[in-house]
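The structure appears right after this line, and notes come after that.
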Amino acid sequence: MRFAFILKIATLILLRSWRTTAVLSFMVITAVAALVFLSALAVGTNDAMIRNSTGLFSGHISGSGISEDEAARLQVAGVEQVLLRRQQPVILSSSSSLEAVSLLGIDPLQEQTATAFWKKTVQGRYPATGSQEIYLSQESAKRLKLQVGDNVTLRTHQSVALKQLTVSGIYKTGISQLDQGLAFCPATALPPGGQELSVALFLSAEAPIDEVLSTLRTRLPTASFTPWMEFMPDLKQLIDLDYICMAIVIVLVFAIVSVGISCTFLIFTLKNLREHGIMKAMGFMAGDTALLLVSQVSLLTVFAATVGTLLGMLTVAIFAQVGIDIGAFTSHNQYFSVSGMLYPRLTRLALFTPPLVAMVFGLAAAIWPIVTIIRKNPADILRSV
Amino acid sequence: MITISSLSKQFVSGRGHVAALSDISFSVEHGRGVILAGRSGSGKTTLLNCIGTLETPDSGSIICNGTDICGLNARQRALFRRREVSFVFQSGNLLPWLTVAENLQLPLELNAITGADQLYRIEELLDTFGLAGYEKAMPAELSGGEAQRIAFARAIAHTPSILLADEPTASLDSDNGRQLIELMFSLCHTKGMCLLIATHDQELLGMAETVIALKDGKLLPPAPAPIG
Ligand SMILES: Nc1ncnc2c1ncn2[C@@H]1O[C@H](COP(=O)(O)OP(=O)(O)O)[C@@H](O)[C@H]1O
Ligand SMILES: [Mg+2]
């Protein structure tokens, strides 16, 4: 028998038993839509953690061993912003105490557009461009017993006084690497002396970090570049874990959904048992029956998975606009140090995994009904139904 | 021509071993219509199912057009059903999700009769059965008599050599039943098919050229043939 005709019968069965078709589709549509959204949410959560972690201070790639005139060559495709930071070890001294810090000379305007560090100000404000101001962590300020507006003396490690800066603001990030041993001032306010240049590169959301890295490494072979995955291995692991959890959820959901499809589809085919008996009496072979049922399930899952994917995309599009605020649950979480907003984002994997898994499980769900129908003797079917 | 020799079939059921058919032998020629008479439980359905390869007998042989169909494997049996034999059951013959025309299309597709030939045959069948204009009707919209006529039309669409009708009139009133049986006999005659109709309806017996009577799975001796 022609495949086209079997496909036609399969389509007609689905269309003319539309109530059953609707019930079966509904299960798949909901599952696919929910999983597309969940996958996009997982991507969005990971995005948010990366954005929060890199956007506070470090950027996506940190570079060192770069000279001042080489810095212009860091603007490669995918790099949104390059921040130059000059680092100088100094001793901060107040009337009551001493504190050894790494003083970072920054460009306050650029820092404020690229990073969220200024939002961590607990008192005062971020240093102004061209000023002789210093921005201290809360811990340092406490140890030095300094307030906003106080002066602090910068000394070398041999205790030679270099210059004085005024405290413009005090910050607290909650991340110990940033809250201890660091202080900031405009680069122009740094005392003369040995400075080390480091760069922080901020990439656009979709930029492929591996490609950017390899471009940078071929352009500046003597410099050293470290991606966030290496200087924040904990975050990298957390994100990998997130993806594994997501994969498990997808498989579990579909295992459950496919049991549902299988049962419903079995009831559906058993409801048509007599018709299958008639078709067998007319000379349908096992292969024809199998093809008919496989076509039914395939058509159904293709349709339902498409609708489900579109529905999922729509939901993602809506929530990508408005965002999801989980700030209440993340205020003490270092991976969400800047904001608790999630913006679900569709990647190819997030978009195509749920419908593909739906089709595979849909076909698996057809096996049971197919075997049941094929093994039934038509004489028994026609006698009993 | 169908030649049945020493056919036996037993079932094992809650009642123990039931001899549904024991040592049945007879033959039917092409173009002949036979009525299988007998009370419920006498083995009529089992006999038709054996001839139609839906059931395999325990012993004996059924020679159809020169081959013993009892020796066929599952695939060959399906092909035999597809080409050579058609069934009309008591009711529920039509596939409910297909229109009348699509139902008629089914045996033609199964036998690779497609295109213009297919369309022509469907039209011709509907004309013959007085059901022109019913192409797009769904089975649920037909009366019992119409549905059985369509089932019969579908059964002969691909001109099989054997037609097996198991109580085809049981769900019809007696007028409709008689009309259907008459139509079956006359068409089988013109098309040269072997026709076997199983029925427990005594009224229909007079319509047949040959009546084969079954009782408890055994053949009853034939009634003396009318002289003339
Ligand atoms: N699959 C089966 N299992 C057990 N018993 C059966 C089966 N099929 C038929 N029988 C028995 O065989 C006998 C003949 O049945 P059947 O051929 O259906 O008779 P009829 O069609 O004349 O009413 C009955 O006693 C019936 O109960
Ligand atoms: Mg019967």
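We did not get these values from a lab; they are worked out from the coordinates using the rules stated. Note that the structure is a prediction, hence the values are computed from the model and not measured. Here Cβ is always computed from backbone atoms with ideal geometry, including for glycine, and neighbour counts include all displayed protein chains.
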> If you find the alpha carbon centre of the range A:296-335 and of the range B:24-56, how far apart are they in angstrom?
Replying inline: 62
>> Nearest 5 percent is fine: what portion of the DSSP beta bridges confined to the range B:2-219 is antiparallel?
In response: 50
> Picking from A:ILE261, B:THR114, A:PRO233, whose Cα lies most toward the positive end of the charge dipole for the protein assembly as shown (charges on Cβ: Lys, Arg +1; Asp, Glu -1)?
Replying inline: A:PRO233
> Magnitude of the Cβ-charge dipole of the protein assembly as shown, K/R +1 and D/E -1, about the Cα centre, nearest 20 debye?
Replying inline: 760
>> Are there DSSP H segments in chain B that both extend 27 Å or more along their axis (alpha-carbon positions) and score a mean Kyte-Doolittle hydropathy of at least 1.0? List them, or say none.
In response: none
> What size of dipole, in debye to the nearest 20, comes out for the range B:1-69 about its Cα centre when the only charges are +1 on Lys and Arg C-beta atoms and -1 on Asp and Glu C-beta atoms?
Replying inline: 300
> Antiparallel as a % of all DSSP beta bridges within chain A, to the nearest 5?
Replying inline: 80
>> Among DSSP bridges having both ends in the range A:66-222, what percentage is antiparallel? Round to the nearest 5.
In response: 75
> What stretch of chain A, leaving out the sites themselves, is the longest with no trypsin sites (Lys or Arg not before Pro) in a DSSP loop having at most 12 other Cβ atoms within 10 Å?
Replying inline: A:146-385
>> Rg over Rh of chain B, using C-alpha atoms and the Kirkwood radius, what does it come to?
In response: 0.97
> For chain A, what relative contact order do you get, as a whole percent, if you take Cα pairs closer than 8 Å and at least 6 residues apart?
Replying inline: 29
> In whole Å, how far is the Cα centre of the range A:91-109 from that of the range B:154-185?
Replying inline: 104
>> I'd like to know how chain A sits against the 2.2 N^0.38 Å rule of thumb: what's its Cα Rg over that expected value?
In response: 1.49
> What number, in percent, do you get for the relative contact order of the range A:66-222 if the mean sequence gap of Cα pairs under 8 Å and at least 6 apart is divided by its residue count?
Replying inline: 35
>> Quick check for me: using +1 on Lys/Arg Cβ and -1 on Asp/Glu Cβ, what's the dipole size of chain B about its Cα centre, in debye to the nearest 20?
In response: 680
> Using the Kyte-Doolittle scale, which helices in chain A average at least 1.0 and also have C-alpha atoms spread 18 Å or more along the helix axis, with helices defined as whole DSSP H runs?
Replying inline: A:3-16, A:18-53, A:233-271, A:286-322, A:348-375
> Alpha carbon centre of the range A:1-74 versus the range A:175-247: separation in Å?
Replying inline: 27
>> What do you get for trypsin sites (Lys or Arg not before Pro) in the range B:5-35 restricted to DSSP loop and a cutoff of at most 15 other Cβ within 10 Å of the site's Cβ?
In response: B:ARG15
